[in-house]
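Visitor: Before I ask anything, here is the structure I am working with.
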Amino acid sequence: MIDYIIVGSGLAGISFAEEALLNNKTILVFTDDSQNSSKIAGGLYNPVILKRFSEVWQAREQLELMTIFYANLAAKVESKFDFKVPILRKFFSIEEQNNWFAASDKPALAPFLSTSLIFKTFEGIDSPFGYGEVLQTGYVDTALLVSEYCNYLLSRQLLRHETFDYNAVNMDDESVSYNGIQARHIVFAEGFGLHANPFFNDLPLDGTKGELFIIRAPHLKLDVIVNTSVFILPLGNDLFKVGATYNWKDKTCLPTSEGKEELMDRIKEIISCDFEIIEHYAGVRPTVRDRRPLVGTHEGYKRVHILNGLGTRGVMLGPAMAKALFDNIENGTLLDKEIDIKRFTNKRKGKS
Ligand SMILES: Cc1cc2nc3c(=O)[nH]c(=O)nc-3n(C[C@H](O)[C@H](O)[C@H](O)COP(=O)(O)OP(=O)(O)OC[C@H]3O[C@@H](n4cnc5c(N)ncnc54)[C@H](O)[C@@H]3O)c2cc1C
């Protein structure tokens, strides 16, 4: 008998797998290539929602946890995933500068918004109104993280590349069994693939498609992340990741000509030099209507759990949500009501 079967090896599945291993639990992860959000994500972490000038929900706690989590994980597989890089918000007017100063006065945002405007010139970008710097930011190379961590699990025979067959799950009070494997618990972390999961597909996971590019721009000299309507993230060797779009209708992982056009227009608003598109990716973010994750235990099956709904912020949320679920299952620590799936299941049953 193992402790956990985990379905999915994106940021959610990996975070839970690692939390379980750190606590000396035995695991087996099932994964396929049906979803790719974590493999293509920008990977940015930023404690401020710049569009609305508000603090990201539980930003401080999440930043603290994720820093330790990704550092430990990198040490374990002898790699590096977390790159502390400033995010600069490009201003297009004096009014935008003033809004920045007003926001940096708010106590919740003060630790994260620098009050010194930046007027540095980056070759390839015209920015007469300068930039505002968000503090405690950076990006996680999520593609590398998924690939290296899956290799790590594979080498220990803790990962199987196969599509999980929900019909083959059997349960009793003590355990869950799946094709001859017995486990104390099963954790589903399939991202937008949740819709195929009969245990949880009544939860309101909407999904928001995003597209992004890798571009080559030899005349763009940038060593920070610039953010406006899209972000530009330097990867080295004249390559930059640029994204992302938001599409609430199309739920496929296929790049589109509309996405391409939108990204091209947005890039041209920021940079003034030539560039060529090297890669064009698309994926579906597992977003939830109330913008909170989906964490918890099935109302009818106490050994069946979910870790999903990381939405647009998988990098910051993954480690914190995995810890919350693990502590809940193993130690009975209550889940925050805002993330517990009971907020939907209780509503269905008419409970407050
Ligand atoms: C374009 C884009 C840009 C983004 N940028 C950022 C960013 O800058 N910062 C940030 O924090 N977040 C970003 N995100 C969001 C982030 O990618 C997600 O929050 C996160 O990746 C979700 O992780 P997940 O593990 O829940 O889902 P996924 O990464 O989709 O992983 C789910 C896994 O489960 C597997 N699976 C599904 N069904 C089955 C099955 N039946 N059997 C076996 N395996 C199965 C899938 O194949 C996949 O491996 C971005 C997303 C997109 C699309």
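Visitor: Could you look through the stretch 1-53, keep only residues that are under 11 Å from the mean Cα position of the chain (by Cα) and within 17 Å of ASN197 (Cβ to Cβ), and pick out the one that is surrounded by the most Cβ atoms within 10 Å (Cβ to Cβ)?
Guide: Here the answer is ALA12.
Visitor: Restricting the first residue to the stretch 57-80 and requiring it to be in contact (Cβ under 8 Å) with a residue 60 or more places away in the chain, which pairs with a second residue that is in a loop (DSSP other than H, G, I, E, B) and among the hydrophobic types (A, V, I, L, M, F, W, C) meet a Cβ separation below 8 Å and a spacing of at least six or different chains?
Guide: That search, which allows pairs on different chains as well, returns ALA59/PHE112; GLN62/VAL56; TYR70/PHE81; LEU73/PHE81.
Visitor: Looking only at residues that are more than 10 Å from the ligand (Cβ to nearest atom) and of a type in the set (S, T, N, Q) in the stretch 134-167, which one is nearest to SER114 (Cα to Cα)?
Guide: GLN136
Visitor: If I ask for residues that are within 21 Å of GLN136 (Cα to Cα), of a type in the set (D, E, K, R) and assigned to a loop (DSSP other than H, G, I, E, B), which ones from the stretch 210-260 would you list?
Guide: ASP223
Visitor: Would you mind listing the strands (runs of 3 or more DSSP E) fully within the stretch 118-185 where at least 1 residues are closer than 30 Å to PRO198 by Cα? Before the answer, list the steps.
Guide: Numbers: elements: 131-134, 138-140, 159-161, 169-171, 176-178.
In the stretch 118-185, 159-161, 169-171, 176-178 are the strands (runs of 3 or more DSSP E) which contain 1 or more residues that are closer than 30 Å to PRO198 by Cα.
Visitor: Ok, one more. Being within 30 Å of ASP126 (Cβ to Cβ) and modelled with pLDDT of 95 or more, is that true of even one residue in the stretch 299-306?
Guide: Keep residues of the stretch 299-306 that are within 30 Å of ASP126 (Cβ to Cβ), which gives none.
No: the stretch 299-306 contains no residue that is within 30 Å of ASP126 (Cβ to Cβ) and modelled with pLDDT of 95 or more.
Visitor: Collect the residues in the stretch 189-205 that are in a loop (DSSP other than H, G, I, E, B), more than 8 Å from the ligand (Cβ to nearest atom) and either under 18 Å from LEU11 (Cα atoms) or of a type in the set (S, T, N, Q) (or both), keeping them in residue-number order. Outline the logic, then answer.
Guide: Filtering the stretch 189-205 down to residues in a loop (DSSP other than H, G, I, E, B) leaves 189-190, 197-204.
Next, only the ones that are more than 8 Å from the ligand (Cβ to nearest atom) stay: 198-204.
Scanning the stretch 189-205 gives a single hit, ASN201.
Visitor: I would also like to ask the following. Quick one: what pairs do we get from the stretch 128-152, first residue within 10 Å of SER38 (Cα to Cα), second modelled with pLDDT of 95 or more and assigned to a strand (DSSP E or B), C-beta under 8 Å, 6+ apart or different chains?
Guide: Qualifying pairs under 8 Å: ASP141/PHE83.
Visitor: Here's something else I'd like to know. Determine whether the stretch 118-133 contains at least one residue that is more than 15 Å from the ligand (Cβ to nearest atom), within 25 Å of LEU294 (Cα to Cα) and aliphatic (A, V, I, L, M). Walk me through how you get there before you give the answer.
Guide: From the stretch 118-133, those more than 15 Å from the ligand (Cβ to nearest atom) are 118-133; that's our starting set.
Add one more test, that the residue is within 25 Å of LEU294 (Cα to Cα), and what stays is none.
Within the stretch 118-133, none of the residues are more than 15 Å from the ligand (Cβ to nearest atom), within 25 Å of LEU294 (Cα to Cα) and aliphatic (A, V, I, L, M).
Visitor: Keeping to the stretch 303-352, report how many residues are in contact (Cβ under 8 Å) with a residue 40 or more places away in the chain, touching a strand residue (DSSP E or B) at 6+ places or on another chain (Cβ under 9 Å) and assigned to a loop (DSSP other than H, G, I, E, B).
Guide: Final tally of qualifying residues: 9.
Visitor: Testing MET171 on (1) at pLDDT 95 or above; (2) over 24 Å from the mean Cα position of the chain (by Cα), one condition comes back false. Which one is that?
Guide: Condition not satisfied by MET171: (1).
Visitor: Another question about this same structure. Checking ASP274 against (1) more than 21 Å from HIS195 (Cα to Cα); (2) buried (at least 21 other Cβ atoms within 10 Å of the Cβ), which test does it fail?
Guide: Of everything listed in (1) more than 21 Å from HIS195 (Cα to Cα); (2) buried (at least 21 other Cβ atoms within 10 Å of the Cβ), ASP274 misses just condition (2).
Visitor: Oh, and also: Search the stretch 65-93 for residues being part of a helix (DSSP H, G or I) and within 16 Å of the ligand (Cβ to nearest atom), and hand back the single one that is surrounded by the fewest Cβ atoms within 10 Å (Cβ to Cβ).
Guide: Step by step, filter the stretch 65-93, then rank; the result is THR67.
Visitor: Taking into account only those residues within the stretch 1-35 that are acidic (Asp, Glu) and touching a residue at least 40 places away in the same chain (Cβ under 8 Å), which is nearest to the ligand (Cβ to nearest atom)?
Guide: Restricting to residues being acidic (Asp, Glu) and touching a residue at least 40 places away in the same chain (Cβ under 8 Å), the top hit is ASP32.
Visitor: Hey, among ASP250, ASP290, which residue is of a type in the set (Asp, Glu), within 15 Å of the ligand (Cβ to nearest atom) and within 30 Å of VAL187 (Cα to Cα)? Lay out the reasoning, then the answer.
Guide: Working: ASP290 fails: within 15 Å of the ligand (Cβ to nearest atom).
From the options ASP250, ASP290, the qualifying one is ASP250.
Visitor: For the stretch 235-246: of the residues being more than 10 Å from the ligand (Cβ to nearest atom) and surrounded by 18 or more Cβ atoms within 10 Å (Cβ to Cβ), which is farthest from LEU205 (Cα to Cα)? Please lay out each step first, then the result.
Guide: Keep residues of the stretch 235-246 that are more than 10 Å from the ligand (Cβ to nearest atom), which gives 235-240, 242.
Right, trim to surrounded by 18 or more Cβ atoms within 10 Å (Cβ to Cβ) and you get 240, 242.
On the way: PHE240: 31, VAL242: 26 Å.
Among residues in the stretch 235-246 that are more than 10 Å from the ligand (Cβ to nearest atom) and surrounded by 18 or more Cβ atoms within 10 Å (Cβ to Cβ), the one farthest from LEU205 (Cα to Cα) is PHE240.
Visitor: Does GLY311 fit the bill of being closer than 16 Å to LEU205 by Cα and near the ligand (Cβ under 10 Å from one of its atoms)?
Guide: Judged against the criteria, GLY311 is a match.
Visitor: Mind listing just one residue for me: the one in the stretch 126-149 that is farther than 24 Å from ALA108 by Cα and of a type in the set (Phe, Trp, Tyr) and, of those, modelled with the lowest pLDDT?
Guide: Looking at residues that are farther than 24 Å from ALA108 by Cα and of a type in the set (Phe, Trp, Tyr), I get PHE129.
The values are calculated or read from the model by the stated rules, or taken from the named source; none is laboratory data. It should be emphasised that the depicted structure is a prediction, and the values quoted were computed from it without experimental measurement. FYI the Cβ positions are ideal-geometry reconstructions off the backbone, even for glycines, and counts take in every protein chain you see.
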